[in-house]
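The values are calculated or read from the model by the stated rules, or taken from the named source; none is laboratory data. Note that the structure is a prediction, hence the values are computed from the model and not measured. Cβ coordinates were reconstructed from backbone atoms using ideal geometry, including for glycine residues, and neighbour counts include every protein chain displayed. In case anyone asks, the SASA skips ligands and DNA or RNA and just uses the protein heavy atoms, side chains included. Shrake-Rupley method; radii C 1.70, N 1.55, O 1.52, S 1.80 Å.
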Amino acid sequence: MKIRESVENDKKSIRKVHQNAFDQSEGETVSQLAIDLLEDKTALPILSLVAEQDNEIIGNVIFSSVNIEGVEGVSSYILAPLAVTRFAQRKGIGTLLINKGLETLKERGAEIVLVYGDPNYYMRTGFKAGHNLKPPHKLKYPEEAWMAQELVESILTKTQGTVRCAMSLSSPEYW
Ligand SMILES: CC(C)(COP(=O)(O)OP(=O)(O)OC[C@H]1O[C@@H](n2cnc3c(N)ncnc32)[C@H](O)[C@@H]1OP(=O)(O)O)[C@@H](O)C(=O)NCCC(=O)NCCS
């Protein structure tokens, strides 16, 4: 199994991974989000990683750029979406995709990474609630689901404001 950055040709397989991993209607929404983000200029710079086994794509994670209102020069990203194809789940592939993503973003100068998801899952890779960054919309899920992690020491204590995502992620239905 290898993890690499996705290329234009991977889009069809990326869509399939999300369709397979999520329940049917969520699968349609999330797979469309993944494709929209990959084509969204407001998401740049973007990092999209795929897990590939025997020439088949079995996992995908996307990190797209966000701005923090009133804050200049703090390179920040949000992790969404993440999926691992059903037969390959619970083998550590999701964790590997996240960790490889965080490592790559750090090398590229990223300072803050956000995620909105299950705290039990994302706490395992260093995300925590209780920071000073406000979500772009009112949240459907409890505050604990709105997490961040710093790739540079103390940046989260020094940074506050409202997060503004790429256009494709800004629709209230995702929040
Ligand atoms: C969530 C998901 C990406 C995790 O990827 P994965 O490769 O299966 O996860 P890992 O093997 O790295 O980690 C597995 C551990 O995470 C936990 N875990 C897995 N899925 C979880 C979930 N949906 N919620 C909470 N914890 C979860 C389990 O405790 C598991 O540990 P265990 O096997 O020791 O019990 C994958 O299951 C998936 O695609 N699910 C459907 C889509 C989805 O919910 N995506 C998240 C969007 S925010």
* Would a scan of region 87-98 turn up a residue that is within 22 Å of Glu39 (Cα to Cα) and either open to solvent by less than 40 Å² (accessible area, probe 1.4 Å) or within 16 Å of the ligand (Cβ to nearest atom) (or both)? -> yes
Output for Cβ contacts, cut-off 7 Å, separation at least six or different chains, first residue free of Cβ contacts under 8 Å to residues at least 40 places away in the same chain in region 84-97, second near the ligand (Cβ under 7 Å from one of its atoms), reads Ala88/Gly59; Gly94/Gly59; Gly94/Leu82; Gly94/Val84; Thr95/Arg124
Leu82: passes all of (1) over 11 Å from the mean Cα position of the chain (by Cα); (2) open to solvent by 20 Å² or more (accessible area, probe 1.4 Å) but (1)
Counting only residues that are open to solvent by 70 Å² or more (accessible area, probe 1.4 Å), in contact (Cβ under 8 Å) with a residue 40 or more places away in the chain and under 20 Å from Ile58 (Cα atoms), region 99-130 contains a total of 1
The condition of being under 15 Å from the mean Cα position of the chain (by Cα), farther than 20 Å from Thr125 by Cα and among the acidic types (Asp, Glu) holds, among Asp23, Asp40, only for Asp40
In region 64-93, residues that are among the aromatic types (Phe, Trp, Tyr) and over 20 Å from Asn132 (Cα atoms) total 1
Filtering region 15-30 down to residues that are assigned to a helix (DSSP H, G or I), near the ligand (Cβ under 9 Å from one of its atoms) and exposed (fewer than 14 other Cβ atoms within 10 Å of the Cβ) yields Glu26
A careful count of residues in region 156-175 that are open to solvent by less than 50 Å² (accessible area, probe 1.4 Å) and out of contact with any strand residue (DSSP E or B) (no Cβ under 6 Å at 6 or more places or on another chain) gives 6
| query | Does Ala110 satisfy the criteria of being more than 12 Å from the ligand (Cβ to nearest atom) and not polar (S, T, N, Q)? | reply | yes
Over region 131-151, the set of residues touching a helix residue (DSSP H, G or I) at 6+ places or on another chain (Cβ under 7 Å) and open to solvent by 80 Å² or more (accessible area, probe 1.4 Å) is Glu144
